[in-house]
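The values are calculated or read from the model by the stated rules, or taken from the named source; none is laboratory data. Only a predicted model underlies this, so the values are computations on that prediction, with no experimental measurement involved. Reconstructed Cβ throughout: ideal geometry from the backbone, glycine too, with neighbour counts over all protein chains shown. These area figures cover heavy atoms from the full protein model, side chains too; ligands, DNA and RNA do not enter into them. Shrake-Rupley method; radii C 1.70, N 1.55, O 1.52, S 1.80 Å.
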Amino acid sequence: MGKITLYGVDASPPVRACKLTLAALGLPYDFVVVNLMEREHLSEAYLKKNPQHTVPMLEDDGACIWDSHAIICYLVSKYAKDDSLYPKDLLKRAVVDQRLYFESGVVFANALRSVTAGLIRGIKVVPKERIQAIVEVYEFLETFLKDNDYIAGDHLTIADFSVVSTVSSLPVIVEIDAAKYVKLTAWIKRLEKLPYYSENSVGVQQFFGLIKNLGMTVEA
Amino acid sequence: MGKLTLYGFDPSPPVRPVKLALAALQVPYDFIEVNVIKREQLSEEYLKKNPQHTVPMLEDGEACIWDSHAIMAYLVSKYGKDDSLYPKDPLQRAIVDQRLYFESGVVYADAIRRTNTYVFTTKVLPKERLEAIVEVYNLMESFLMKHDYIAGDHLTIADFSLISSISSLVAYVEIDSSKWKKLSAWIKRMEKLPYYSENAIGAEQFIALVKNTNFTVEA
């Protein structure tokens, strides 16, 4: 096995999805910090590896792979002892895939990044429609969890890692009402029991701190 | 083979990649229109099949699958004669996957869907939306720097996903072929596909819907 290096920062939700997956697979790796606030992702060296200049990025024996979802699918396909984290059965896989793309579009791009991108540009007040986008996420997840203990069915998959990394970060903007989102709250508690959950929780606190430091407030 | 039914609406960008994939795989299917402008995706019947109430959705026998990218991956895996449209090799697949997730997040959720929301409701588009679209074109140009297709040297479902979005985004920002050489060449390459009408017809409908709003751009 060649050397695995993960590039990123702990505060970033997609980076944490990769860390959870690497821990679940028991894979050793080097972690290289890419300080986004110092624009290290825009360095010539980083752009050569990843022209989209995002984190996380995985280097496996010289090959550069990015997008957290692509990375975690790759890791399971290449290194897992079995396919439980990313089932090979076509219908089961289609459900995991749908949850991963849901995370990518509806959760990360529309609910989270739309807010953080605004904050970085100096828009400190989060408009109502961005709040609504987050509430929409909680509503959908409550529905997906209606008959399942895990986000894509009855057992843990990489979709849980992807979704929880972002959903555990959103409460700094909109809290999760435990009385209203019963299944969602229970699912988060279930994942918090994973022995390697600190791979996510440490970064969540850093993300919360970052958002507060950027002076975020919510439109009344 | 069970009966395949695709639920969708031609102007909708995510529906057209699935139509391209079905045509490429030469798999027969029924098409049932779900008019999202009339909010037909919110019917009780549709919600039972797809609680996320989006199009496209694929019914294969009794199974309901949604999200265009998940559908295409499923179709190639189940019906493809080989894996060229969605390579099985983990590293090759990771590149195709990254392009698909790029389409899902940066292109569709951000550049298309958020822009559509302004255009079809307030009809005033913030300038920053046009910048987001230009950024998409710039990234596409960089992905195509060394390759003829979006994920490498041959056609994959990532090309289907992205040609639908790009051919829709031109409703907002034209593609200057002197500025985006590789992107323009790739679009022309895709237009030559024998089944390209599966995208072209709906793309024209989308562009017409956008133009009919008479939206303005915030100064």
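Structural remarks
- If the condition is being assigned to a helix (DSSP H, G or I), open to solvent by less than 40 Å² (accessible area, probe 1.4 Å) and closer than 17 Å to A:ALA17 by Cβ, then region A:172-200 contributes A:TRP187, A:ILE188, A:LEU191, A:ASN200.
- Flag if B:THR117 is within 9 Å of another protein chain (Cβ to nearest Cβ) and either surrounded by fewer than 16 Cβ atoms within 10 Å (Cβ to Cβ) or touching a helix residue (DSSP H, G or I) at 6+ places or on another chain (Cβ under 9 Å) (or both): yes
- Residues considered: A:ALA70, A:ALA80. Of these, the only one that is surrounded by fewer than 19 Cβ atoms within 10 Å (Cβ to Cβ) and not polar (S, T, N, Q) is A:ALA80.
- Of the residues making up region B:85-100, those that are within 8 Å of another protein chain (Cβ to nearest Cβ) and surrounded by fewer than 24 Cβ atoms within 10 Å (Cβ to Cβ) number 3.
- Taking helices (runs of 4 or more DSSP H) as the structural unit, those lying wholly within region A:111-168 and holding at least 1 residues that are open to solvent by 30 Å² or more (accessible area, probe 1.4 Å) correspond to A:114-120, A:128-144.
- Among residues of region B:80-101 that are of a type in the set (Phe, Trp, Tyr), those with a Cβ under 9 angstrom from a residue that is outside any helix (DSSP H, G or I) and open to solvent by less than 20 Å² (accessible area, probe 1.4 Å), sequence gap 6+ or separate chain, pair up as B:TYR86/B:THR156.
- Residue within region B:54-71 that is surrounded by fewer than 21 Cβ atoms within 10 Å (Cβ to Cβ) and among the polar types (S, T, N, Q) present: no
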